[in-house]
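Inspection log for the structure reproduced underneath, given as structure tokens.
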Amino acid sequence: MPPHLCQLCHTSRAQILRPKNHARLCAPCFISTFEIEIASTITTSHLFHPGERIAIGASGGKDSTVLASVLQTLNERHGWGLDLVLLSIDEGITGYRDHSLEAVKRNSAELGLPLSIVSYEELYGWSMDQVVAQVGRGGKGNCTYCGVFRRQALDRGAAGLGVRHVVTGHNADDVAETVVMNLLRGDLPRLGRGTSVVTSMPSAVGMGTGKEWEGKGRVGEVACTSVKRSKPLMWAYEKEIVLYAHHKKLDYFSTECIYSPEAFRGSARTLIKNLERIRPESIMDVVRSGIDMAKLVPNAEGGPGSGKPEAVQRDAGEDAEGGCGGSNGEDAGGEMAQMERKLQQDEQAEEDGTETEIKIPTKAVNGQRHDRDTQTSATAAALTSNVNGQDHDRHTHPPSNTTTTVPIRTKQEKKSNRKATRDTPPPKQRLGQCERCGYLSSQAVCKACMLLEGLNKARPRTGIEVGGAGG
Amino acid sequence: MPGRRQPPAAVDTTLCRRCQANAPTITVRTEPLCSACFAKYVSTKIIKRMESFRVRHAEAGKERLLLLPLSLGPCSMVLLHILSQHLSVQAEKSGRTGYRLLALFIDDGAREGSAALFERVKERYPMHTYFNLPLSDALSLEGVPELLSPLNQATPPNNPPSTTTDPLSTLLSTLPSATSRADLLHILLRKLVVHAAQHHACEAVLWADSTTRLAERTLAETAKGRGFTLPSSIGDGEAPHGLPFYYPMRDLLRKEIISFTSLVEPGLDEMILRDVPKAAVSTKNTTIDDLMKQYFASVEREFPSIVANVVRTTGKLKVPALREEVEEHCELCDAPLRGHAPERSRLCYGCIRILRQAPAG
Ligand SMILES: [Zn+2]
Ligand SMILES: [Zn+2]
Ligand SMILES: [Zn+2]
Ligand SMILES: [Zn+2]
């Protein structure tokens, strides 16, 4: 078979089969097509305004390295006049971040973009290595700490640079993964936000004006209103990002984070990879579904009928999205098991509460069973009465026609109390400021401060460095 | 166990959690249950979902007719079994029933012994009306031939369609992937069910999908770009195809339903058509639905409540408001086209993907 010719220029030999649409392209045509598509995401979503100062969240990995390179290229090509800077977070992960930061520094020099680094250690008094030594690799996902901390670190870093807009390297695979993960976790609010190209904090709320953390290090005196986040690569396949980096000979650090990802993310990631193998287009289709479903989330911020992209409010944890790429989860399942237990409790409460509402089936089934079962009718009666007893306690249903005998109280009664808790409406998300650090938060104390409180409580007073991954 | 708090009314953990009389035979979610309590659990979950078809909701002498498509798999057989019981109890108690079942078996010609099995089912549950249709009937439903004719033209001219070969398999052979074939088969089956239900003046269709199946469908439809159709296609009482669909098994896991089949006396096992195990599973003939089935089979083992939660979450999404008169619908799957299809297309993106994988351009 003769070699395929590039579908665009019809002259060079095709080197690349695009997973996104099966197009066969030569390398130069692929590179320009890739850039055109990113430019199109940027212009159709009106992501930037001319002369805007933009911080590129740079991790040294392939996504943000490609993002920085493409933005620099497009900015020059189209004369957008953007003022680009690199912003890196040093989580303090030996063997991973220290090396990747070297890659960021080389990129900064190569592209001629200024680099600013914000470290967890400096900001929170805890590096991720210390956090993991403290909480162990199991238990609460390491990525939870990392994600919550990263979000604030990025915002504070941006504020320090006087930047109102941070772009991140989240790609189509990451976004698809997030859609699946939010479905698995049953997280409707995030399902409503995870696919928007821009997320933003509501404006006119100050930040960093309150007391800073009690730990070491303060960033302090930072005040800014609204930091916008966007994902210009959200339609770019991970595979194509790797291809782009390869053909442009970009310098990036490819090792995955050594700490375990959230179990749900790990699970979703595997599923997306398998889906891609079956039908490569499905990554785009998942993203498309996610965008469509976001419009169906009740009270979604990115409500229906909006042709224009909207800046959708985000919350903590979202920066964990694709933030660390590890799939070496040692505690994989821990988070899922935790959620499973919670759901089971809810189900049990529900069971205790609602089973009583169905009189006919209860009786019908009992009635039917009598002729077949060896079970004594006394047992059946006890069951029935138990059910009725509960019913009177909490519901105002008219007495049913079921045989009522003396109510027998069992543990089912006790459990039913849980239902009351379940029925109280979830607290309304109202954004205020964290009373400790001044960061935007829907709770009195923000998530980062909550996590820090737990860490600081457990930290040995002597401040001895704990070596190795304990616990 | 030292240090562990005992509940005030001590529960004997060696006995069934619910009746405290029999030895447990199965653990449901976290509760050890005896066979009798488990059977009750299964039927309660199903009958609870049949609330709107209680006797009091039917006018005397005017039973409501419901279509029950039978795949003869474990789920549809258990549904048939429980509803048969439900109807006898209704009749016993009030002298009449709230509904009647019209059971439909659609033969895709792929599974041997299905005709004989269908006869046995009829004998065992004689109180219902039964009929069967070949799946290829869907090809002659209104609008379908025109829609699929471009595919038929794709076959080589020296291999004229029909007469010798089955038109359905000829059609399927032109599709780009196993996923496309499975999707088209599913859409055709649904079309035929809806058509039959309307033809026989049924009020609604009862599907035997378990929680597990609905969770699989949630992720599969999401992966096929059809996420926006989910709330209307898996919600109870929604009618995206012209008449309401109900899912009475939506609160049961597949593994629970399968356990139930061997509890029934006489066993349902010999009434069930087993899936032909797929030879040599390769990526090439794995479908998106297969992948989701494998995935949720493992999630169901360890985290059954997470499976159920996926379905509950999807159920909380709003059903998109349709302006019936103005809205154009996909001619293959009935999905609203606005925003979900290229300009002037008669098919939605999802259906375009079935017919040819990569979008043009
Ligand atoms: Zn070319
Ligand atoms: Zn705080
Ligand atoms: Zn029992
Ligand atoms: Zn369609």
Fill in: chain B: most fluctuating residue of B:206, B:317, B:67 per GNM, C-alpha cutoff 10 Å
B:317
Practice prompt. Just tell me how shielded B:215-222 is by partners: mean number of partner chain Cβ atoms within 10 Å of each residue's Cβ, no decimals.
Written response: 4
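Using a probe radius of 1.4 Å on protein heavy atoms only, what is the accessible area buried between chains A and B, both sides summed, to the nearest 100 Å²? Walk me through the numbers on the way to the answer.
Numbers: alone 23040 and 19230 Å², together 36600 Å².
The summed interface area works out to 5700 Å².
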Worksheet item: So, with +1 on the Cβ of K and R and -1 on the Cβ of D and E, and no other charges, what is the size of the charge dipole of the range B:1-103 about its Cα centre, to the nearest 20 debye?
Response: 280
Response to the item:
Taking B:188-200, A:173-185 and ranking on average Cβ neighbours within 10 Å, highest first, one gets A:173-185, B:188-200
Discussion item. Quick check: at a probe of 1.4 Å, how many percent of the accessible area of chain B sits on carbon and sulfur atoms?
Written reply: 53
Worksheet, complete the sentence: Pairs over 22 Å Cα to Cα, from B:45/B:316; A:62/A:105; A:20/A:273; A:239/B:224; B:62/B:316; A:239/A:273, come to B:62/B:316
Response to the item:
Per residue of B:289-298, other chain Cβ atoms within 10 Å number on average 2
Practice prompt. Compute the acute angle (0 to 90°) between the alpha-carbon long axis of helix B:35-48 and the principal axis of greatest extent of the alpha-carbon atoms of chain B; round to the nearest 10°.
Written response: 50
Fill in: Rough spin-label spacing in nm, given labels placed 7 Å along Cα→Cβ, for residue B:12 and residue B:65
5.2
Worksheet entry | Residues residue A:7 and residue A:342, FRET efficiency given R0 of 35 Å [Cβ-Cβ distance, rounded to 0.05] | 0.10
Worksheet item: So, by mean Cβ neighbours within 10 angstrom, what's the order for A:100-112, A:43-55 with the highest one leading?
Response: A:100-112, A:43-55
Worksheet item: Going by alpha carbons, how many degrees (0 to 90, nearest 10) lie between the helix axis of B:74-94 and the longest principal axis of chain B?
Response: 60
Worksheet item: In peptide B:344-356, how many Cβ atoms from other protein chains are near each Cβ within 10 Å, on average?
Response: 1
Fill in: Choice from B:208, B:239, B:21 with maximal GNM fluctuation in chain B (Cα, 10 Å cutoff)
B:21
Item to complete: Note down the relative contact order for chain B as a percent, whole number, built from C-alpha pairs under 8 angstrom at least six residues apart.
Response: 19
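May I ask you to order A:79-88, B:335-344 by the average number of other C-beta atoms within 10 Å around their residues, highest value first?
Put in order of decreasing packing, that is A:79-88, B:335-344.
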Discussion item. Using the Cα centre of chain B as origin and beta-carbon charges of +1 (Lys, Arg) and -1 (Asp, Glu), tell me which of B:35, B:134, B:178 is placed farthest towards the positive end of the dipole.
Written reply: B:35
Worksheet item: What is the gain in length, in nm to one decimal, between residue B:319 and residue B:265 on full extension, counting 0.36 nm per residue of separation less the C-alpha to C-alpha distance?
Response: 15.3 nm
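The values are calculated or read from the model by the stated rules, or taken from the named source; none is laboratory data. Because the structure is a prediction, the values reported are computed rather than measured. Cβ sites come from the backbone with ideal geometry, for glycine too, and all protein chains shown count toward neighbours. Each accessible area value is taken on the protein alone, full model and side chains, heavy atoms only, with ligands, DNA and RNA left out. Shrake-Rupley method; radii C 1.70, N 1.55, O 1.52, S 1.80 Å.
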